[in-house]
Amino acid sequence: MKKTILNHEYIKEEITTNQGKDFRYRWSHGATNKHMGDGMILYSLMYFFKPKISVCLGSGNGYIPRIMSKVNDDLEYEGFHKSGERPETYLVDAFNGVAGIPDWDTDSFFPTAFRVQVLKTTTEKAYYEYFIKRDIKIDMLWIDADHSYEGIKKDFDLYSQIISENGIIMIHDTDKKYVDNFIESENHEKYDLTGPSEWLRRFTISSHYDDYEVLNLFNYGIEKDFPSSTGVTILRKK
Ligand SMILES: C[S@@+](CC[C@H](N)C(=O)[O-])C[C@H]1O[C@@H](n2cnc3c(N)ncnc32)[C@H](O)[C@@H]1O
């Protein structure tokens, strides 16, 4: 028996790689072949709170939704969620080239290996035409789609209305240091990434701030020899 609560072989094969192949944006989560980066924070929160409905808005690589799906499997294996209601993971991605291009498609490794419902549309359309129409309340939300200020604001303003009591919202790329130090390559990755940190700055001084418990996890550049998460902000309504 390998005495670890982490199976590093599995992490290396299917969680932080696609069967051994590194994927795009993995570094932004601070993940490597051996380390799950901010994915471990998501895993732990879900493991603890056992959400029934988890939603990821935007994912270039499927890293976050695959973790959501995996926690659900692990909890089911451990005997939770017995009431007949299987927990669900939704991924909303419009494949619109805004803030990045997904490196997966619906028949590729990630969506076939993990139980994830993919809504290939904009976050706004999914909100009105899917979640509102079905009266779905979200227990765990990860916001990572349009990274402009307006995009983040719209996603937060819409989806925060359908978060269940004690539900959690996580916003990626909120560390301003990451945006300030980001080096774009020629003809590639010229995306507006300023939105999450600017949204956070304005939210912090807004009247809504006091309605939430807020925890910022920034580690950009602390361990300079390793990838570091581009910042995650965790919010829960008081
Ligand atoms: C590439 S991710 C950002 C990188 C991210 N840090 C990650 O780990 O994957 C942004 C994703 O959001 C999607 N996207 C952008 N605007 C969107 C919108 N309005 N609705 C739905 N998806 C959107 C893009 O297709 C892209 O896949």
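The values are calculated or read from the model by the stated rules, or taken from the named source; none is laboratory data. The structure presented is a predicted model; accordingly, all values stated were derived computationally and were not measured. Please note: Cβ atoms are built from the backbone with ideal geometry, for glycine as well, and neighbour counts cover all protein chains shown. Accessible surface is based on the protein model in full, side chains and every heavy atom, while ligands, DNA and RNA are left aside. Shrake-Rupley method; radii C 1.70, N 1.55, O 1.52, S 1.80 Å.
Summary of values
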item	result
Subset of Lys70/Lys137; Lys70/Lys133; Lys21/Lys137 violating a 29 Å alpha-carbon distance limit	Lys21/Lys137
Among Ile205, Ile163, Ile11: highest mean-square fluctuation, GNM of the chain, C-alpha pairs under 10 Å	Ile205
In Hz, Karplus ³J(HN,Hα) per residue of segment 114-119 (6.51, -1.76, 1.60; θ = phi - 60°; x = Gly, Pro)	10, 7, 9, 8, 9, 10
Residue among Ala113, Ala99, Ala126 with the largest mean-square fluctuation in a Gaussian network model of the chain, springs linking Cα atoms under 10 Å	Ala113
Accessible surface, 1.4 Å probe, highest first, among residues Trp27, Trp104	Trp27, Trp104
Whole-number accessible area per residue in Å² for the chain, which is evaluated in the context of all protein chains at 1.4 Å	52
Cα gyration tensor, segment 86-201 - rounded (a/c under 1.5), prolate or oblate	oblate
Amide H within-cut-off set for Leu91, under 5 Å, with H built and near neighbours excluded	Cys56, Gln117, Val118, Leu119
Over 21 Å [Cα-Cα, segment 172-238], rounded percent	32
Antiparallel bridges, percent of DSSP beta bridges restricted to the chain (to nearest 5)	45
Residues whose placed amide H lies under 5 Å from that of Asp103, excluding near-sequence neighbours	Asn61
Carbon + sulfur, % of accessible area of the chain - ligands and nucleic acids excluded, 1.4 Å	51
Per-residue ³J(HN,Hα) for segment 165-176, Karplus 6.51 cos²θ - 1.76 cosθ + 1.60, θ = phi - 60°, Hz, x for Gly and Pro	4, 6, x, 10, 10, 10, 10, 8, 6, 8, 7, 4
Whole-Hz ³J(HN,Hα) from phi, Karplus 6.51 cos²θ - 1.76 cosθ + 1.60, for segment 149-159, glycine and proline x	4, 5, x, 5, 4, 4, 4, 5, 4, 6, 6
Shape metrics for the chain, restricted to C-alpha atoms - Rg then Dmax, Å	17.0, 53
Spatially proximal lysines relative to Lys176 (Cα-Cα < 27 Å; intrachain offsets below 8 disregarded)	Lys34, Lys153, Lys154, Lys190, Lys224, Lys237, Lys238
Leading residue at positive end of dipole, the chain (Cβ point charges), from Ala94, Thr204, Leu6	Leu6
Most mobile listed residue (Asn181, Asn216, Asn61) in the chain, GNM with C-alpha springs under 10 Å	Asn181
